[in-house]
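Worksheet for the structure shown next.
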Amino acid sequence: DAGVIQSPRHEVTEMGQEVTLRCKPISGHNSLFWYRQTMMRGLELLIYFNNNVPIDDSGMPEDRFSAKMPNASFSTLKIQPSEPRDSAVYFCASSLSGDTGELFFGEGSRLTVL
Amino acid sequence: AQSVTQLDSQVPVFEEAPVELRCNYSSSVSVYLFWYVQYPNQGLQLLLKYLSGSTLVKGINGFEAEFNKSQTSFHLRKPSVHISDTAEYFCAVRKTNFGNEKLTFGTGTRLTIIP
(Lines give C-alpha, C1' and ligand atoms only; values in the text may rest on other atoms or scores of the structure.)
Protein backbone atom coordinates (compact mmCIF):
# COMPACT_ATOMS: atom_id res chain seq x y z
CA ASP A 1 0.00 0.00 0.00
CA ALA A 2 1.23 3.48 -0.78
CA GLY A 3 2.02 5.61 2.19
CA VAL A 4 1.76 9.37 2.47
CA ILE A 5 3.32 10.91 -0.60
CA GLN A 6 4.93 14.32 -0.51
CA SER A 7 6.44 16.42 -3.25
CA PRO A 8 8.88 17.86 -3.90
CA ARG A 9 11.39 16.06 -1.68
CA HIS A 10 13.80 18.93 -1.95
CA GLU A 11 13.21 22.55 -2.88
CA VAL A 12 15.75 25.33 -3.07
CA THR A 13 14.39 28.78 -3.77
CA GLU A 14 15.25 32.39 -3.33
CA MET A 15 13.77 34.74 -0.79
CA GLY A 16 10.54 36.24 -1.99
CA GLN A 17 9.54 33.34 -4.22
CA GLU A 18 6.35 31.37 -3.79
CA VAL A 19 6.71 27.79 -2.59
CA THR A 20 4.05 25.10 -2.86
CA LEU A 21 4.39 21.78 -1.08
CA ARG A 22 2.06 18.91 -1.92
CA CYS A 23 0.72 15.95 -0.04
CA LYS A 24 -1.33 12.90 -0.91
CA PRO A 25 -2.61 11.15 2.24
CA ILE A 26 -3.21 7.45 2.61
CA SER A 27 -6.42 6.43 0.90
CA GLY A 28 -9.28 6.22 3.40
CA HIS A 29 -7.64 8.49 5.97
CA ASN A 30 -9.71 11.54 6.78
CA SER A 31 -7.36 13.56 8.98
CA LEU A 32 -4.33 15.33 7.55
CA PHE A 33 -1.59 17.21 9.36
CA TRP A 34 1.21 19.54 8.31
CA TYR A 35 4.25 19.66 10.60
CA ARG A 36 7.45 21.66 10.34
CA GLN A 37 10.74 20.36 11.71
CA THR A 38 13.75 22.54 12.52
CA MET A 39 16.75 22.07 14.76
CA MET A 40 15.76 25.02 16.89
CA ARG A 41 12.05 24.34 17.35
CA GLY A 42 11.69 20.61 16.77
CA LEU A 43 8.40 19.35 15.35
CA GLU A 44 5.66 21.97 15.22
CA LEU A 45 2.11 21.34 14.11
CA LEU A 46 1.14 23.98 11.57
CA ILE A 47 -2.40 22.93 10.71
CA TYR A 48 -4.66 19.94 10.64
CA PHE A 49 -7.71 19.03 8.60
CA ASN A 50 -10.53 16.65 9.30
CA ASN A 51 -12.75 15.63 6.39
CA ASN A 52 -11.05 18.35 4.31
CA VAL A 53 -12.00 21.08 6.79
CA PRO A 54 -9.29 22.97 8.70
CA ILE A 55 -9.78 22.21 12.40
CA ASP A 56 -6.78 23.87 14.01
CA ASP A 57 -4.51 26.34 12.24
CA SER A 58 -3.13 27.97 15.35
CA GLY A 59 0.36 26.81 14.46
CA MET A 60 0.50 28.58 11.13
CA PRO A 61 3.28 31.13 11.64
CA GLU A 62 1.80 34.08 9.78
CA ASP A 63 -0.22 35.18 6.81
CA ARG A 64 2.52 34.15 4.43
CA PHE A 65 1.52 30.55 5.08
CA SER A 66 -1.67 29.02 3.74
CA ALA A 67 -2.92 25.46 3.43
CA LYS A 68 -5.74 23.93 1.46
CA MET A 69 -7.35 20.56 1.13
CA PRO A 70 -9.64 20.67 -1.91
CA ASN A 71 -10.45 16.96 -1.69
CA ALA A 72 -9.74 13.90 0.40
CA SER A 73 -6.68 12.89 -1.58
CA PHE A 74 -4.73 16.13 -1.88
CA SER A 75 -3.44 18.99 0.21
CA THR A 76 -1.09 21.90 -0.37
CA LEU A 77 0.96 24.13 1.89
CA LYS A 78 1.92 27.41 0.31
CA ILE A 79 4.42 30.01 1.45
CA GLN A 80 4.28 33.38 -0.26
CA PRO A 81 6.62 35.19 -0.08
CA SER A 82 9.23 32.79 1.30
CA GLU A 83 11.94 33.90 3.72
CA PRO A 84 15.22 32.25 4.83
CA ARG A 85 13.72 31.49 8.25
CA ASP A 86 11.17 29.24 6.53
CA SER A 87 13.96 26.78 5.74
CA ALA A 88 12.94 23.49 7.35
CA VAL A 89 11.65 20.02 6.63
CA TYR A 90 7.89 20.02 6.18
CA PHE A 91 6.08 16.80 6.94
CA CYS A 92 2.61 15.75 6.00
CA ALA A 93 0.88 13.03 7.99
CA SER A 94 -2.50 11.36 7.81
CA SER A 95 -4.65 9.30 10.13
CA LEU A 96 -8.07 7.76 10.43
CA SER A 97 -10.21 10.03 12.57
CA GLY A 98 -11.90 8.31 15.46
CA ASP A 99 -9.11 5.79 15.60
CA THR A 100 -6.43 5.81 18.26
CA GLY A 101 -4.45 8.59 16.74
CA GLU A 102 -1.56 6.88 14.98
CA LEU A 103 -0.16 9.28 12.42
CA PHE A 104 1.46 8.03 9.24
CA PHE A 105 4.13 10.39 8.00
CA GLY A 106 5.44 11.15 4.57
CA GLU A 107 9.17 11.40 3.95
CA GLY A 108 9.09 15.17 4.12
CA SER A 109 9.91 18.11 1.88
CA ARG A 110 13.20 19.79 2.66
CA LEU A 111 12.91 23.50 1.90
CA THR A 112 15.89 25.81 1.64
CA VAL A 113 15.25 29.50 1.12
CA LEU A 114 18.34 31.46 0.14
CA ALA B 1 -2.86 22.16 26.77
CA GLN B 2 -0.66 19.11 26.93
CA SER B 3 3.14 19.12 26.68
CA VAL B 4 5.97 16.62 26.48
CA THR B 5 9.47 16.86 27.91
CA GLN B 6 12.30 14.66 26.72
CA LEU B 7 15.04 15.19 29.23
CA ASP B 8 17.96 14.01 27.12
CA SER B 9 18.73 15.51 23.74
CA GLN B 10 21.49 12.98 23.00
CA VAL B 11 22.18 9.52 24.39
CA PRO B 12 25.29 7.56 23.38
CA VAL B 13 25.18 3.84 24.18
CA PHE B 14 27.50 0.94 23.46
CA GLU B 15 26.21 -1.78 21.19
CA GLU B 16 24.40 -4.57 23.08
CA ALA B 17 24.00 -2.38 26.18
CA PRO B 18 20.57 -1.47 27.54
CA VAL B 19 19.09 1.97 26.99
CA GLU B 20 16.34 4.10 28.50
CA LEU B 21 15.03 7.26 26.84
CA ARG B 22 13.06 9.44 29.20
CA CYS B 23 9.75 11.15 28.53
CA ASN B 24 7.52 13.12 30.88
CA TYR B 25 4.21 14.65 29.93
CA SER B 26 1.87 17.24 31.33
CA SER B 27 -1.88 17.25 30.78
CA SER B 28 -5.00 18.12 32.74
CA VAL B 29 -6.97 15.39 30.97
CA SER B 30 -6.38 11.76 30.11
CA VAL B 31 -4.03 11.15 27.21
CA TYR B 32 -2.73 8.63 24.75
CA LEU B 33 1.06 8.34 24.56
CA PHE B 34 3.30 7.43 21.65
CA TRP B 35 6.92 6.88 20.74
CA TYR B 36 8.02 7.52 17.18
CA VAL B 37 11.38 6.88 15.55
CA GLN B 38 12.97 8.90 12.77
CA TYR B 39 15.83 7.46 10.76
CA PRO B 40 18.05 9.89 8.80
CA ASN B 41 16.28 11.62 5.93
CA GLN B 42 13.03 9.82 6.60
CA GLY B 43 9.66 10.59 8.12
CA LEU B 44 8.57 9.41 11.55
CA GLN B 45 7.24 5.94 12.13
CA LEU B 46 5.39 4.56 15.13
CA LEU B 47 7.35 2.44 17.60
CA LEU B 48 4.61 1.87 20.15
CA LYS B 49 1.61 3.46 21.81
CA TYR B 50 -0.20 3.43 25.13
CA LEU B 51 -3.97 3.74 24.98
CA SER B 52 -5.23 1.97 28.10
CA GLY B 53 -4.89 -1.26 30.03
CA SER B 54 -1.51 -2.75 30.80
CA THR B 55 1.03 -0.07 31.61
CA LEU B 56 3.83 -1.99 29.90
CA VAL B 57 3.63 -1.63 26.16
CA LYS B 58 5.70 -3.58 23.67
CA GLY B 59 6.55 -2.19 20.27
CA ILE B 60 8.57 -2.98 17.21
CA ASN B 61 12.30 -3.70 17.09
CA GLY B 62 12.39 -4.96 20.68
CA PHE B 63 11.42 -1.66 22.29
CA GLU B 64 9.02 -1.33 25.19
CA ALA B 65 7.70 1.53 27.31
CA GLU B 66 6.05 1.82 30.66
CA PHE B 67 3.28 4.27 31.45
CA ASN B 68 3.50 5.66 34.97
CA LYS B 69 0.53 7.86 35.74
CA SER B 70 1.73 9.02 39.15
CA GLN B 71 5.03 10.19 37.72
CA THR B 72 3.48 11.28 34.41
CA SER B 73 6.20 9.41 32.58
CA PHE B 74 6.42 7.13 29.56
CA HIS B 75 10.04 6.03 29.33
CA LEU B 76 11.26 3.94 26.40
CA ARG B 77 13.58 0.99 26.97
CA LYS B 78 15.46 -1.66 25.09
CA PRO B 79 17.52 -4.35 26.85
CA SER B 80 20.18 -4.63 24.13
CA VAL B 81 20.68 -2.08 21.39
CA HIS B 82 21.96 -2.62 17.88
CA ILE B 83 23.76 -0.33 15.47
CA SER B 84 20.56 -0.09 13.45
CA ASP B 85 18.81 1.59 16.40
CA THR B 86 20.77 4.77 15.72
CA ALA B 87 18.03 7.32 15.10
CA GLU B 88 16.06 10.14 16.69
CA TYR B 89 13.23 9.18 19.01
CA PHE B 90 10.19 11.31 19.72
CA CYS B 91 7.68 11.01 22.51
CA ALA B 92 4.21 12.36 21.74
CA VAL B 93 0.89 12.89 23.49
CA ARG B 94 -2.69 13.56 22.47
CA LYS B 95 -5.94 13.90 24.34
CA THR B 96 -8.18 10.85 24.41
CA ASN B 97 -11.34 12.64 23.35
CA PHE B 98 -12.16 12.14 19.70
CA GLY B 99 -12.38 15.25 17.64
CA ASN B 100 -9.07 16.47 18.97
CA GLU B 101 -6.61 14.51 16.93
CA LYS B 102 -3.44 16.52 17.13
CA LEU B 103 -0.25 15.03 18.49
CA THR B 104 2.14 17.16 20.51
CA PHE B 105 5.75 16.02 20.19
CA GLY B 106 8.73 16.33 22.46
CA THR B 107 11.99 17.78 21.20
CA GLY B 108 13.47 14.38 20.46
CA THR B 109 16.37 12.28 21.74
CA ARG B 110 19.16 11.36 19.38
CA LEU B 111 20.32 7.82 20.14
CA THR B 112 23.82 6.99 18.96
CA ILE B 113 25.05 3.42 19.17
CA ILE B 114 28.78 3.02 19.67
CA PRO B 115 30.28 -0.15 18.15
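The values are calculated or read from the model by the stated rules, or taken from the named source; none is laboratory data. The model shown is predicted, which means the values in this text are computed figures rather than measured ones. Cβ: placed from backbone, ideal geometry, glycine included. Neighbour counts: every protein chain shown. Ligands, DNA and RNA are stripped out before the accessible areas are found, and what is left, the full protein with its side chains, is counted by its heavy atoms. Shrake-Rupley method; radii C 1.70, N 1.55, O 1.52, S 1.80 Å.
Numbers at a glance
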quantity: Hydrodynamic radius by Kirkwood, which averages 1/r over all alpha carbon pairs of the range A:1-108, in angstrom; calculated: 13.9 Å
quantity: Radius of gyration and maximum dimension Dmax of the protein assembly as shown, Cα, Å; calculated: 17.7, 52
quantity: In range of the label at B:T5: residues from the range B:11-53 whose backbone nitrogen is under 14 Å from the point 7 Å along Cα→Cβ; calculated: B:22-27
quantity: Gaussian network model of chain A, Cα within-10 Å springs - most flexible of A:L45, A:L21, A:L103; calculated: A:L103
quantity: Highest-MSF residue in chain B out of B:Y25, B:Y39, B:Y89 [GNM, Cα springs under 10 Å]; calculated: B:Y39
quantity: Förster-model FRET efficiency, 22 Å R0, B:T112 and A:M40, C-beta, rounded to 0.05; calculated: 0.60
quantity: 3J(HN,Hα) from dihedral phi, the range B:80-90, Karplus parametrisation 6.51/-1.76/1.60, rounded to Hz, x for glycine, proline; calculated: 8, 8, 10, 3, 5, 7, 4, 4, 9, 10, 10
quantity: For chain B, the Rg and Dmax computed from alpha carbons only, in angstrom; calculated: 13.7, 45
quantity: Selected from A:R36, A:R22, A:R85 as most flexible by GNM, with chain A as the system and alpha-carbon contacts under 10 Å; calculated: A:R85
quantity: Viscosity 1.306 mPa s, 10 °C: Kirkwood-radius Stokes-Einstein D of the range A:45-93 over Cα pairs, µm²/s; calculated: 137 µm²/s
quantity: Modelled FRET efficiency - R0 41 Å, B:K58 with A:D63, Cβ distances, 0.05 increments; calculated: 0.35
quantity: When each of A:K68/B:K78; A:K24/B:K69; A:K24/B:K95 is checked by Cα-Cα distance, pairs over 30 Å; calculated: A:K68/B:K78; A:K24/B:K69
quantity: Exposure rank, largest accessible area first [A:M15, A:M69; 1.4 Å]; calculated: A:M15, A:M69
quantity: Rounded Å value of the spacing that divides the Cα centres of the range A:1-24 and the range B:47-88; calculated: 33 Å
quantity: Relative contact order [Cα under 8 Å, 6+ residues apart], the range A:1-81, whole percent; calculated: 30 percent
quantity: 10 Å Cβ neighbours from other chains, averaged over peptide B:25-37; calculated: 1
quantity: Cα pair distances in the range B:16-72, grouped into 10 Å bins until the bin that holds the longest one, percent each; calculated: 19, 52, 26, 4
quantity: Around B:Y50: net Lys/Arg minus Asp/Glu count, Cβ-Cβ under 14 Å; calculated: +3
